[in-house]
Amino acid sequence: MKHLKKVAVAVVLFVAATGFMQAQSKVAHINVTELLAQMPEMKAAQAELKKLEETYKADIQSSVTELRNKYTQYNNEASSKTDEENQKRAIELQGFEKNIGEAQQAAQQELGKKQAELYQPILEKANNAIQKVAAAQGYDYVVDASPGLGLIVAKGKDLMPEVKKELGF
């Protein structure tokens, strides 16, 4: 019986201490999406990606225009060509269409790689700044308050102004 009382007291003290420690945890929040959108580096990266995308788009559009011109030319000349020549031309046009599709896929892949390459250092910089500010202010947890991520109430400390100051903007 004495042993049971000691165990019960130990459990009660453990639960109380754990509850007290959890009550002492400091939580802050920041809208990471908004922070990233305001970073000058992100704006520059997005501009670079847009320029690259427009270059790919122009190249593909010129190929599509060339394909249309060939379709028109081949349709106009079809009656004066043999069936064998028309079949060769049809195969040529199909190959050209396939090349355009492959070029579009390659462009999308290159854009994805470039985006990852450009965004990674920006994300790391933002994360480091958030961690530095949180540590300096004694926060144990920082919750991302970006819309749609599950944060329902954000009454705690918003670290946005301090993180922006840390990042120099």
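The values are calculated or read from the model by the stated rules, or taken from the named source; none is laboratory data. All values reported here derive from a predicted model rather than from experimental measurement. Please note: Cβ atoms are built from the backbone with ideal geometry, for glycine as well, and neighbour counts cover all protein chains shown. In case anyone asks, the SASA skips ligands and DNA or RNA and just uses the protein heavy atoms, side chains included. Shrake-Rupley method; radii C 1.70, N 1.55, O 1.52, S 1.80 Å.
Laid out as a table, the results:
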quantity: Accessible area (Å², per residue) of the stretch 23-169, counting only protein heavy atoms and a probe of 1.4 Å; calculated: 68
quantity: FRET efficiency estimate (nearest 0.05) - Cβ-Cβ, A90 to T33, R0 45 angstrom; calculated: 0.35
quantity: Cα gyration tensor shape for the stretch 18-169, rounded if a/c is under 1.5, else prolate or oblate; calculated: prolate
quantity: Net charge of neighbours whose Cβ lies under 14 Å from the Cβ of I60, counting Lys and Arg as +1 and Asp and Glu as -1; calculated: -4
quantity: Summed residue charge, Cβ within 13 Å of A103's Cβ, Lys/Arg positive, Asp/Glu negative; calculated: -3
quantity: Extension gain from L149 to N69, taking 0.36 nm per residue of separation minus the Cα-Cα distance; calculated: 23.9 nm
quantity: Gyration tensor (alpha-carbon) shape descriptor, the stretch 64-103, a/c threshold 1.5; calculated: oblate
quantity: Those lysines that a straight Cα-Cα span of less than 17 Å connects to K51, excepting residues fewer than 8 apart in one chain; calculated: K43, K113, K114
quantity: Protection-proxy order for peptides 51-58, 28-35, each taking the mean of Cβ atoms within 10 Å per residue, highest first; calculated: 28-35, 51-58
